[in-house]
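Visitor: Got a structure here, written out as structure tokens. Questions coming.
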Amino acid sequence: MAEKKRLANIEYLRVIAMAMVVVLHFMTKSGSLPEAGNEAAGYLTGQNILALLLESLCIVAVDVYVLISGYLGADREPRPQKAAAFLLRIWFYSLLIPLVLTVFSVPTKAGEQGIYGLVQYFLPIESETYWFATCYLFLLLLMPLCNLAVKHMEKKTFETIMLFFFIISSLIKSICPVRLPADRFGYDALWFVFVYLLGVYLRKYGTAAWEKRGGLLYRGSVLLIFFMEFVLQLFSARTGALTYYASVPFHYNFVFCLTGAVGLFYVFLRKPVAEGKKADVIRFLGRYSFGVYLFHEHPDIRDRWYPLIDRVMDPYGKNSLILWLLKLIVSVLLIYGIGIFLDFARDKIFIFAGSCIRNIRKRREQPDDRPQ
């Protein structure tokens with residue numbers, strides 16, 4: 001049976017979301033974001049302000065990725081093997097990257113940390129080598145149960161459950177000035193389940209009030225995140241108060257991060273991509289975009305890629321605004337290119353291995369016609 005053709009506009013959003021993830025990681029690795037409570041944050045530079053704006057634009061990326069899964073997975077049949085394939089994909093990167101680095105005499109976590117480093121390679125889910133992958137794997141296992149529950153649930157019941165879920169997981173933490181012990185900032189499988197179910201809801205029922213106003217919802221959410229973060233940074237730096245709350249607008253379960261993700265999702269949903277070469281390229285990039293994350297967030301890579309780019313592009317440490325922007329662009333393009341290439345190669349290896357396994361099984365199943 002031929003694979004169903006992917007929606008090019010949704011794949012386009014997937015590509016953009018992964019680029020946003022790289023931007024978010026660049027902001028962290030480059031130290032471009034002001035530190036809440038730090039006196040220096042009271043005197044924001046142009047680079048700091050631009051970094052806050054870019055962070056506000058891109059912080060929706062994770063929620064967007066999970067929303068896509070909910071929207072596309074709402075009517076799909078349960079496929080437990082999808083979780084197994086996902087785990088194999090993670091292992092491919094977690095085991096192969098340190099092996100290649102060792103061949104080229106590059107230090108690895110295993111060499112530095114011994115058994116603790118090896119655990120990160122062989123048990124990437126249990127050790128949260130990739131936090132997103134850990135949460136997403138649990139979501140994959142729960143998707144059939146979620147879909148089955150929604151299928152046999154009235155709309156009003158579904159909405160009531162989602163409302164309570166939203167209040168407990170997002171709304172309360174978004175207005176509470178102190179950290180709540182149960183809050184994981186959206187870095188947990190429970191939040192992924194909520195966002196997935198929201199995607200399912202959008203597929204089944206939609207939201208007429210916002211469907212035509214996706215751009216407005218996204219832009220409004222971004223501006224509110226930026227404004228809140230800007231004001232809170234200045235306030236916490238000058239008073240020493242609200243240091244924790246100054247980080248809340250950049251949490252994945254912050255209310256405006258969620259609304260921004262829904263808005264951006266609708267922007268792309270309502271703009272189909274015409275069939276042709278452009279659509280084919282978008283589908284290709286979307287298919288392999290998760291490899292970008294698995295490559296640059298590998299524990300042996302995540303703390304090395306930015307210092308390397310910084311050392312090559314800014315050897316004298318000038319860190320001017322123009323250089324900073326150039327480093328950002330190069331980082332996104334380089335990491336994306338390498339990640340797509342590696343995941344394309346991984347896919348071909350998996351296809352070849354699968355073909356070999358099927359041929360071996362066929363030979364074993366064939367009756368032995370040789371004379372006894």
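The values are calculated or read from the model by the stated rules, or taken from the named source; none is laboratory data. Keep in mind it's a predicted model, so treat the numbers as computed, not measured. Please note: Cβ atoms are built from the backbone with ideal geometry, for glycine as well, and neighbour counts cover all protein chains shown.
Visitor: Would region 199-209 turn up any residue that is closer than 30 Å to residue 152 by Cα, at pLDDT 95 or above, within 18 Å of the chain's Cα centre (by Cα) and surrounded by 14 or more Cβ atoms within 10 Å (Cβ to Cβ)?
Guide: Yes: one or more hits.
Visitor: Here is a further query. What number of residues within region 196-219 are among the small types (Gly, Ala, Ser) and closer than 25 Å to residue 76 by Cα?
Guide: Total satisfying the criteria: 3.
Visitor: Let me ask something else. Select from region 317-372 the residues that are out of contact with any helix residue (DSSP H, G or I) (no Cβ under 7 Å at 6 or more places or on another chain) and among the basic types (Lys, Arg) and write down the one among them that is modelled with the lowest pLDDT.
Guide: If we take residues in region 317-372 being out of contact with any helix residue (DSSP H, G or I) (no Cβ under 7 Å at 6 or more places or on another chain) and among the basic types (Lys, Arg), then 370 is modelled with the lowest pLDDT.
Visitor: Of the residues in region 41-68, how many are of a type in the set (Ser, Thr, Tyr) and at pLDDT 95 or above?
Guide: So in region 41-68, the residues of a type in the set (Ser, Thr, Tyr) come out as 43, 45, 56, 65.
Filter once more, keeping what is at pLDDT 95 or above: 56, 65.
So the count comes out to 2.
Visitor: What are the residues in region 142-166 that are β-branched (Val, Ile, Thr) and either in contact with a Cys (Cβ under 7 Å, 6 or more places away or on another chain) or surrounded by 13 or more Cβ atoms within 10 Å (Cβ to Cβ) (or both), if any?
Guide: Here is the first cut: in region 142-166, the ones β-branched (Val, Ile, Thr) are 150, 157, 160-161.
The answer is 150, 161.
Visitor: Another question, then. Report the residue count in region 291-309 for those that are part of a helix (DSSP H, G or I), crowded, with 21+ Cβ neighbours inside 10 Å and either among the hydrophobic types (A, V, I, L, M, F, W, C) or in contact with a Lys or Arg (Cβ under 8 Å, 6 or more places away or on another chain) (or both).
Guide: Residues that pass the stated criteria total 6.
Visitor: For the list (1) in contact (Cβ under 8 Å) with a residue 12 or more places away in the chain; (2) part of a helix (DSSP H, G or I); (3) exposed (fewer than 15 other Cβ atoms within 10 Å of the Cβ), I need the number of the one condition that residue 169 fails.
Guide: Residue 169 satisfies every listed condition except (3).
Visitor: Among the residues of region 88-136, write down those that are of a type in the set (A, V, I, L, M, F, W, C) and assigned to a loop (DSSP other than H, G, I, E, B). Write out each step before concluding.
Guide: Let us first name the residues in region 88-136 that are of a type in the set (A, V, I, L, M, F, W, C), namely 88, 90-92, 95-97, 99-101, 103-104, 106, 110, 115, 118-119, 122-123, 125, 131-133, 135.
Answer for region 88-136, where residues must be of a type in the set (A, V, I, L, M, F, W, C) and assigned to a loop (DSSP other than H, G, I, E, B): 104, 106, 123, 125.
Visitor: Within the group 115, 90, 97, 59, which residue is touching a Cys at 6+ places or on another chain (Cβ under 6 Å) and either surrounded by fewer than 17 Cβ atoms within 10 Å (Cβ to Cβ) or over 17 Å from residue 199 (Cβ atoms) (or both)?
Guide: Numbers: 115 fails: touching a Cys at 6+ places or on another chain (Cβ under 6 Å); 90 fails: touching a Cys at 6+ places or on another chain (Cβ under 6 Å); 97 fails: touching a Cys at 6+ places or on another chain (Cβ under 6 Å).
Every option except 59 fails the conditions.
Yes/no per residue for (1) of a type outside the set (Phe, Trp, Tyr); (2) out of contact with any Phe, Trp or Tyr (no Cβ under 9 Å at 6 or more places or on another chain); (3) without any contact (Cβ under 8 Å) to a residue 24 or more places away in the chain; (4) more than 26 Å from residue 250 (Cβ to Cβ):
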residue	(1), (2), (3), (4)
139	yes, no, no, no
154	yes, yes, yes, yes
219	yes, yes, no, no
227	no, yes, yes, no
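Visitor: Could you grab me the full set of residues in region 259-297 that are within 25 Å of residue 121 (Cβ to Cβ) and of a type in the set (Gly, Ala, Ser)?
Guide: 289, 291
Visitor: On the given criteria, is residue 271 without any contact (Cβ under 8 Å) to a residue 40 or more places away in the chain and either on the phi > 0 side of the Ramachandran plot or not hydrophobic (A, V, I, L, M, F, W, C) (or both)?
Guide: So residue 271 does not fit the description; no.
Visitor: Same structure again: Under 7 Å between Cβ atoms, which residue pairs at least 6 apart in sequence (or on different chains) link something in region 67-78 that is among the aromatic types (Phe, Trp, Tyr) with a partner that is surrounded by 13 or more Cβ atoms within 10 Å (Cβ to Cβ) and at pLDDT 90 or above?
Guide: Close Cβ pairs satisfying both conditions: 71/199; 71/202; 71/203.
Visitor: Looking at region 310-367, which of its residues are closer than 21 Å to residue 24 by Cα, in a helix (DSSP H, G or I), out of contact with any Gly (no Cβ under 6 Å at 6 or more places or on another chain) and of a type in the set (Gly, Ala, Ser)?
Guide: Answer for region 310-367, where residues must be closer than 21 Å to residue 24 by Cα, in a helix (DSSP H, G or I), out of contact with any Gly (no Cβ under 6 Å at 6 or more places or on another chain) and of a type in the set (Gly, Ala, Ser): 331, 337.
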